Structure formats: C-alpha cells, structure tokens
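Everything on this sheet refers to the single structure shown next.
The values are calculated or read from the model by the stated rules, or taken from the named source; none is laboratory data. From a predicted model like this one, the values you see are computed outputs, not experimental measurements. No Cβ is skipped: glycine too gets one built from the backbone with ideal geometry, and neighbour counts run over all protein chains shown. Surface accessibility is based on the protein's heavy atoms, side chains included, excluding ligands, DNA and RNA. Shrake-Rupley method; radii C 1.70, N 1.55, O 1.52, S 1.80 Å.
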Amino acid sequence: MKLKDFDHIAKKANAILEAMNKQVQDHKDEFGAADFHLRLSKKATESLKGLSRNAVEKAMTELEEGGYSFKRKPNGNLDSFSLEDVIAIYKQRGVPRYRDMYDTCMTMYFNNLKGGAGKSSACVNTAHALRTDKTLLRYDLRILVIDLDPQASATMFLKRALAIGGQKNTAAKAMFAQGITRDQLLSDYVFETDVPGVHVMPAAIDDGFVTTSWLEECESKLDNQEPHSLLKENIIDQLCKDYDQILVDTGPHLDFFLLNSLVAADVLVTPLPPVTVDFHSSLKYLSQLRVLMGYLQKQGIDIENKEVIAFMNKFSPHIIQHQESLSLAKVALEDKMLDVHIPEKSGFQRCGATFDTVVSVDPSMYDGDKKALKAAQDSIYEFSRSLFSRIELIRSRN
C-alpha cells in the first residue's frame, strides 16, 4: 500500500466517526436531551444536608432579588432545580465549599498496566459522579479529567467531538508548550463536558509519538526540564487552585505518560479486575510499583507522601472466582482496599452507544432496561462517595 492509500482509509474512518457523532447529537437535539438532564425536586432539595424548606425559600428569594435566574423547565415551571440551581442555593446559604476548606487540589491517577482493567470507564464515571452526587453537591466540587491515553477513551466519553481526528490542543501537547500560562491552559486546553463543573483536557492518537522523543523534546523545548515532572509542573501546579479534584487517565504502557502521572499524583487509584488472568496481571503491576517509585526517587523526586487506593472493578459477588480475587486483594493491600466495588453492570457498557457515562446519559436516550441503568448509577455513586471519604481521611492525616 502507498501512503495515499492510508490517507483514503483515514478520510473514510474520520467521516464515519463524524457521522456517528452527528447522529447522536442530532438525536439529542431533536428530543431535547442536549442539556444535562439531572434535576432535583424542591422537596428533595429541601431534604439535602444543610438545607430546609425555609432555607431554600429564603435563598431563592435572595438569589432572584440579586438577579439570579433559575433554570426553569420549558413550560416555565420551577418545581425542580438544575444542578447549578442547587449549588447556587448552597452558596447563598453560606455553606462552605470544598475550595473554602482546602487551598490545593487532590490529584488521583487511575493506574494499572493491564489493558482492559476499566481505568478509563472508572475514571470518567467517577468524575461525573463526584460532581453530581446529592450528598456531595454542597461542596461544589470542580473536577478536571486529564486524558493522557492516545486512544482518547476518556475524551470520547466526556467530549466526544474532540475524540475525532487529530487535536491541536491536547494535554500531552500542553506539557511541552514552553512558557504556557494558567490562562492559556484554561482557554485553549480545557473543555467543558456535558456535566456542568466537569472539564477535560483531551488526548489524541498522535500524542503517542511524543513518547518516542520525550527526552529530546525536554532538551530542545523546555531547557532540560526534569522529564518526569512535566505534568505536575506545567499543568497541575498551575491549575490546582481552579479545581478541587483532578483525575488522570493514561494508557496501559510503561512510558513517560505513566511516570509523569505517578509523579503528579497524590493518590494512585488502582482498579483490579477480578477475572483470574486480568487479576494476575494487575498484581504483577502492583508488585513492580516499588521498582517504579525507586526509579523516580533516584531521579530526585519525592515519593514519600503518595497514597494507594485499590478497588475491585467489573466485580460480581455471585461469582466464586471474583470472591477469591477480592480475598487475595485484601491480603495484598490490606486497608488500602476500598470496601465498595464497581460492579459488572450492563448500564456501563450500554451508555457507550451514545458516548455517555451512566451519569451523563439522559434516561430518555438510554437504549436498555431503565432498572439496569439505575443500578449502574447507584453503584457508581456509592463508589464515588466511598472514594471521596477515603480521600478525606487521607487529607485529615496530612
């Protein structure tokens, strides 16, 4: 085949991707599902922690007098609130937000060298769940997902239009943008997702070529900047006051993306798939973490304050093999294992048909059993609350 033949394939593949994306978007626009669907009834809002009927009514009056416009339904009714409305009510009531409690963000790296472990799915679903869980709304969590996997799976779920073709402004390219500022990162490299308050720095397939000339790029473009610290120094340190939780996703490769993510992370969040072969590979990765950390320490990098949180992913308690994997994981990781798992649910797979997470998908657009979707949503919310609580425990110790 000649180069022009590959060009032909590329054009056809991109055309199909664009058509798939347009079909999904047109369907959402036609049936009024383009905006984030989640709304809370007034009664549900009044029952949230820190609120009451009188508190909500008072906040509504004060907000409207100050010029705030509640996001009413198309018929003009205000019998329920959008996500932004509830957060505005909490803010009006003076309830402390997460940024009022801490002056720095927490960076979580969803890591495992086993392909198919569910890193990307866990990362994006968790990002959306942390933002929208009813018990966490009062914190007004600002979430950023940094996609460093050239396959761009996280980008596809969070901002599908950016996962088509090459992208000029990816997270990987931002790492090598000499002298890049916070304002440039926010304006050119950070994009909103379907869920308000959750942003993404995308990836693209050509990011993979960066790893082949990483050291040379550091030398020529970045004045020999420490090559394992680009993510931390050039992106996260600059954006840490703009976000409360930063989640990082990379591909299943031992490369500079992985090493930079290890350096940048406060917490290594490791999904463990319970199927024997996958679980075995995941344990091999965990057994080699000490080698990776020792290597980074020899480069002069402080690794002392990093934490590990592991959990079972794609888990079914009714399968004996899964139970055995869980028992072995608890032996290996002890109190670093979360008690809550992400189960094997059809809802997580079916949402991929519309490039959604189980949180962002509009139930009216979901092509499957609504009870199955609800079960998947309940499980990711339970997992995210557990992860958030563990993060808070870690922060309280530091």
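Details
- Check: the stretch 197-247 dipole with +1 on Lys, Arg Cβ and -1 on Asp, Glu Cβ, in debye: 180 debye
- The chain: antiparallel DSSP beta bridges as a percent of all, rounded to 5: 15 percent
- Other residues lying with their Cβ under 9 Å from the Cβ of Leu48 contribute a combined charge of +2, Lys and Arg counting +1, Asp and Glu -1.
- The distance between label points at Asp335 and Glu392 comes to 1.8 nm (points 7 Å beyond Cα on the Cα→Cβ vector).
- Isolated Cys residues of the chain, judged by Cβ distance under 4.7 Å to other cysteines: Cys123, Cys218, Cys351
- Computed E for Arg72/Thr135 - FRET, C-beta separation, R0 30 angstrom, nearest 0.05: 0.75
- Kirkwood Rh and Cα Rg combined as Rg over Rh, evaluated for the stretch 280-383: 1.10
- Shown for the chain: the carbon plus sulfur share of the solvent-accessible area, taken with all protein chains present and a 1.4 angstrom probe, equals 51%.
- Cα-based radius of gyration of the chain once divided by 2.2 N^0.38 Å, which approximates compact folds: 1.01
- With 29 Å as the limit, the listed pairs Lys91/Lys173; Lys71/Lys314; Lys114/Lys371; Lys114/Lys345 have Lys91/Lys173; Lys71/Lys314; Lys114/Lys371 beyond it between alpha carbons.
- Distant-in-sequence amide H partners of Val145 (H built 1.01 Å from N, under 5 Å): His199, Val200, Met201, Leu247
- Between Asp223 and Lys298, residue separation times 0.36 nm minus the direct Cα-Cα distance comes to 24.9 nm.
- At the residue level, Arg93 shows approximately 100 square angstrom of accessible surface with a 1.4 angstrom probe and all protein chains present.
- Helical content of the chain, expressed as a calculated mean residue ellipticity at 222 nm, amounts to -13500 deg cm²/dmol (DSSP H runs of 4 or more residues, -39,500 (n - 2.57) each, divided by residue number, nearest 500).
- Förster radius 41 Å - calculated FRET efficiency between Phe191 and Ala372 (Cβ-Cβ, nearest 0.05): 0.85
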